[in-house]
Structure formats: structure tokens, C-alpha cells
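Peer 1: Below you will find the structure I want to go over with you.
The values are calculated or read from the model by the stated rules, or taken from the named source; none is laboratory data. Source: prediction; values computed, not measured. Quick reminder, even Gly has a Cβ in these numbers, built from the backbone with ideal geometry, and neighbours come from all protein chains shown. Just the protein is used for accessible areas: all its heavy atoms, side chains included, with ligands, DNA and RNA removed. Shrake-Rupley method; radii C 1.70, N 1.55, O 1.52, S 1.80 Å.
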Amino acid sequence: MGNTQLRHNVRHATDVIRNKRAKVVAEVSDWEQLRQSAHEIKQHTLRHLDFYLQQFESACKAAGAQVHWARDADEANGIVVGLLKSHRAEEVIKVKTMTSDEVRLNDALEEAGITPIETDLADLIVQLGEDKPSHIVVPALHRNKMEIRRLFMKKMGLEELGDQPEDLTAAARTYLREKFLRVPAAISGANFAVAETGTVCVVESEGNGRMCVTLPEVLISLVGIEKLVPRFADLEVFLQLLPRSATGERMNPYNSFWTGVTHGDGPREFHVILLDNGRTEVLKDEESRETLDCIRCGACLNACPVYRQTGGHAYGSVYGGPIGAILTPQLQSLHHSQTLPYASSLCGACYEVCPVKINIPEILIHLRNKIVERHDDPLTERFAMRAAASAMADSSRLEMAQTLGRIGQIPFAENGVITHLPGILSGWTDVRDLNSIPKESFRAWWKKHLNTLE
Ligand code: SF4
């Protein structure tokens, strides 16, 4: 919140994408039906996920790919490192894989002596800046072009570089082209995986993904198990919804689909890793299961009044914004990130724009409820809430509490705001400011007002 440049960059970028999205969505007369179809396809797939996963595995193997199953991050990272080591790879190019950020694959690769090279432009900016992604579609959204220019000049050893988008993309193109042609192994994510054909799909705007999945000899795709759709024809729905919701484009410039291996065309070896990492736990809860419908378009982030103020880093997870507030705690079985479901005004803007109709506000409330029922909220907070409930149930108790509060707050209140409290109460003000109790309550003011009228 204190970084005004970051807040300006985030607000500007989300405004631009939001406006573009609204324009292209308005062109589609059956947008609501498309949303409903997407929701139903995803819900159906999740109800029969066991069947579709096995169907995908069989189709994939029949087309010449190898399928691996990873229960958690360690297993996924172990499989990737093992495969790359068996090919003596010292470098690997990567594209479009948030799941790899989720499992911290880059750390595992570096520990194993393998250098990961991000090839998506925004991911490259994040990697060169030793930064963290702040948006699920535009990971470097918090950076403006002058910052990127300085970064490229420093990290790419350039003495001259213009500050126009074309100059920056040309520099990245030259930097990456050599890597595409030299590095023999690649890691991709997937936007969708088709059960009936065993096809994996990545959509993108730059063409770097297309290079990643076609040029190397070995391709490893890390796919969350929720990315499945039953039929190839289902993509008709999602490929209309995703680009419009994500970047305000009518269609993605590059839609890459690959099925197994084909002699003389593309990678000679293709591995799919199906990643669980907490997803089957999410699947168990019928009320919040639809979290897994998410197609990672980022529209809910751009619409969210909280995200638009804080940016993605504040969520402390690879998935920021409203979807992060419901997905991250569930992937961690509500053992971590328990404050995220509270980081929302419940205004419903996320639900309105979500192309697969995930009812995020309801899931937020459901998760808050679960956290309270499990008594995982801090003891001091529970005590404070009980005390507040008791005071607010009786006007004389409330007045007494206000009088005591007015005296107690004197050492801490400044210009109507309390920024730090002592002792066990400090946990609250570490991450929040409090308005101080006003000199006069509304009730007292109203009594005085009535007296004057009489
Ligand atoms: S929750 Fe909906 S709006 Fe948000 S990223 Fe996922 S699909 Fe997009």
C-alpha cells in the first residue's frame, strides 16, 4: 500500500484491460449462455474427474506420450528434475506454467544445477528482476516500461535501448531467440487438457509458447488435474470466453494444441505430469468445489477493489486477487493463508465478470465459516469478537466500553487513527489501521440534537 508507483501501475494496467474486456464482451450476444455452458462443462468434469483423468491418460499414451502422476509439489519437482537429468539438460526453457510457480519448480531446478529460462515476456521480466508475479495473466503488471527498460539494459548488457514497447519486445526477442534455438528441453503448463483425445492446449499472445512446445527435443507439460475438459468440442466455449476475459482480445493470437508425438514434427519425447497438490481435497467440499472451475483469466483481479489497491504481492501466493483468496487457502487445506478469505469487501464484482460463473463471494463466506468452526482464528481475536458482541447487545454496556476505549486510546490515537496497539493486541494493528473512537457517539449526538429541537 505504501508503494505509490506500484499502485499507479496496477490501477492503470487493470483499467486498460477492464475497458478492453467490457468492449469485446458486449459484442457477444450469447455471452451469458456461454458462461453458463462453461460452468456446466466444468462442474460435470469435476463430478467425473476420475473417469476423465483415466481417459486422458489412455489417449495420451496411445498417441505416444508418457504420463506421470504427482501427488504434491515434491513429487512433481522430482519427476521434472529426474527427466531433465536423464537427458543431461543443464538449461530448460519454460512457458505459461503457473503450476510450476505453485510448486516452486525453479528453486528445485536451480538446486539440481539446471537453469530455468522463462520465455513468456512478462515472466522473463519477473525472472530478470528477481521479482515475484503480481497478476495471473500479466505477471509483470506492476512494472512500467521505464522500469523494464532499465532492467533489460542491466541484465542483457545493452548500452542503448528505447523505451517504446516495440524496442523492449525487440530486445527480449533477440535475447530469447538464441535460447529457443539452443536449449533442447522445455517445460510448459496447459490451459486445457482434452480427455477424449489426450490433447494439451496452451493459448498465448506472443508465439513464445508455440516455439517452446515445438522446437525442443523433449517437452514436459505440468498440468493441474482440474484443467481437463471432456471433449475437443468443449474448447469452442472456452476459447471464446478466455481471451475476451483475460486480455480483451477476441481470440488469442496463438492457440497451440499437441497430442503425443509425431515423427519428424515437434518434440521427440513428450511427458505430461498430472498434478494434484491439494486439488482432490478441494474437490471433496461440494460448496467450494467450483473453485477448480477457474480458467485463470484474471478478470476477477482486474475487477476487484481490493486487488486494485494492493496488487498481487500482498496475497503472498502465486494466485492473487479474488481467485487466490479462495484457491490458495483450500490448496493448503486451510492450514495456511487463513486471512485471505477475509481480504474481500464481498462486493460481488468478481462473480459478475467470471467467465465460468464461480460464485467467489459465497465461497469466501463459506471458507470464513469453516475457519471459525475449526477454531483456527486466533484466540485473542475470538475473545475480542465475543467481548464486542456482548457490548453491542446492550446500550449501557456499549456506552461504558466506548468511554473506557476513549480513555485507553489516548496514548495511541493520532489524527483520528490508531496505527499500533501494545502487547497481544499488536497483531491486529500490524496489518491494519483502526479509526479511533470519536469524541462523541452518534447516540449522544442524537440526544443533544433532539433536545435542541424540543
Ligand atoms: S475465478 Fe473466474 S474470473 Fe477469476 S481468474 Fe478464475 S475464471 Fe477468471
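Peer 1: Those residues that are open to solvent by 100 Å² or more (accessible area, probe 1.4 Å), hydrophobic (A, V, I, L, M, F, W, C) and within 30 Å of residue 380 (Cα to Cα), I need them from region 418-454; list them, please.
Peer 2: 424, 431, 442 - these are the residues of region 418-454 that are open to solvent by 100 Å² or more (accessible area, probe 1.4 Å), hydrophobic (A, V, I, L, M, F, W, C) and within 30 Å of residue 380 (Cα to Cα).
Peer 1: Here is a list of conditions, (1) closer than 28 Å to residue 336 by Cβ; (2) assigned to a loop (DSSP other than H, G, I, E, B); (3) of a type in the set (A, V, I, L, M, F, W, C), and residue 371 meets all of them except one; can you say which number that is?
Peer 2: Tallying (1) closer than 28 Å to residue 336 by Cβ; (2) assigned to a loop (DSSP other than H, G, I, E, B); (3) of a type in the set (A, V, I, L, M, F, W, C), residue 371 fails exactly one: (2).
Peer 1: Shifting gears a bit: Suppose we filter region 326-358 for residues that are on the phi > 0 side of the Ramachandran plot and within 16 Å of the ligand (Cβ to nearest atom); how many remain?
Peer 2: 3
Peer 1: Any residue at all in region 277-293 that is over 30 Å from residue 54 (Cβ atoms) and either in contact with a Lys or Arg (Cβ under 7 Å, 6 or more places away or on another chain) or not polar (S, T, N, Q) (or both)?
Peer 2: No, region 277-293 has no match at all.
Peer 1: Let me ask something else about it. Please enumerate the residues belonging to region 19-40 that are of a type in the set (A, V, I, L, M) and surrounded by 11 or more Cβ atoms within 10 Å (Cβ to Cβ).
Peer 2: Matches in region 19-40: 22, 24, 25, 28, 34, 38.
Peer 1: Okay, next question. Just checking: which of the helices (runs of 4 or more DSSP H) contained wholly in region 1-86 hold 3 or more residues that are at pLDDT 95 or above and touching an Asp or Glu at 6+ places or on another chain (Cβ under 9 Å)?
Peer 2: By residue number, 31-47, 49-62, 73-86.
Peer 1: Also, I was wondering about something else. Within 21 Å of residue 94 (Cα to Cα) and part of a loop (DSSP other than H, G, I, E, B): which single residue out of 250, 296 fits that description?
Peer 2: Criteria check complete, one pass: 296.
Peer 1: Still on this structure: Out of 371, 418, 363, 437, I need the residue that is at pLDDT 90 or above, closer than 25 Å to residue 331 by Cβ and either aliphatic (A, V, I, L, M) or in contact with a Ser or Thr (Cβ under 8 Å, 6 or more places away or on another chain) (or both). Which one?
Peer 2: It is 363.
Peer 1: Within region 282-325, count every residue that is more than 8 Å from the ligand (Cβ to nearest atom), open to solvent by 20 Å² or more (accessible area, probe 1.4 Å) and either closer than 16 Å to residue 137 by Cβ or under 10 Å from the mean Cα position of the chain (by Cα) (or both).
Peer 2: Final tally of qualifying residues: 4.
Peer 1: Also: Is it the case that some residue within region 272-285 is over 23 Å from residue 44 (Cα atoms) and in contact with a Gly (Cβ under 7 Å, 6 or more places away or on another chain)?
Peer 2: No, there is no match, as no residue in region 272-285 is over 23 Å from residue 44 (Cα atoms) and in contact with a Gly (Cβ under 7 Å, 6 or more places away or on another chain).
Peer 1: If you don't mind, another one. Considering only residues that are of a type in the set (D, E, K, R) and either at pLDDT below 95 or surrounded by fewer than 19 Cβ atoms within 10 Å (Cβ to Cβ) (or both), which ones fall in region 218-245?
Peer 2: 231, 236
Peer 1: For region 254-277, how many residues meet the condition of being within 19 Å of residue 193 (Cα to Cα) and assigned to a loop (DSSP other than H, G, I, E, B)?
Peer 2: Here the count works out to 6.
Peer 1: From 248, 260, 264, which residue is surrounded by fewer than 23 Cβ atoms within 10 Å (Cβ to Cβ) and either in contact with a Phe, Trp or Tyr (Cβ under 8 Å, 6 or more places away or on another chain) or acidic (Asp, Glu) (or both)?
Peer 2: It is 260.
Peer 1: Residues of region 397-440 being farther than 26 Å from residue 314 by Cα, touching a helix residue (DSSP H, G or I) at 6+ places or on another chain (Cβ under 6 Å) and outside any helix (DSSP H, G or I), which ones?
Peer 2: Correct list: 437 only.
Peer 1: Still on this structure, I have one more. Mind telling me which of the residues 381, 399 ends up being open to solvent by 60 Å² or more (accessible area, probe 1.4 Å) and not hydroxyl-bearing (Ser, Thr, Tyr)?
Peer 2: 399
Peer 1: Ok, one more. Please list, ordered by first then second residue, the pairs with beta carbon atoms under 6 Å, 6 or more apart or interchain, first in region 349-365 and under 23 Å from residue 338 (Cβ atoms), second open to solvent by less than 10 Å² (accessible area, probe 1.4 Å) and among the acidic types (Asp, Glu).
Peer 2: 358/293
Peer 1: Can you tell me which residues in region 326-348 are assigned to a helix (DSSP H, G or I), touching a Pro at 6+ places or on another chain (Cβ under 7 Å) and modelled with pLDDT of 95 or more?
Peer 2: Answer for region 326-348, where residues must be assigned to a helix (DSSP H, G or I), touching a Pro at 6+ places or on another chain (Cβ under 7 Å) and modelled with pLDDT of 95 or more: just 326.
Peer 1: When you look at residue 268, is it in contact with a strand residue (DSSP E or B) (Cβ under 9 Å, 6 or more places away or on another chain) and either away from the ligand (no atom under 16 Å from the Cβ) or of a type in the set (Lys, Arg) (or both), yes or no?
Peer 2: Yes.
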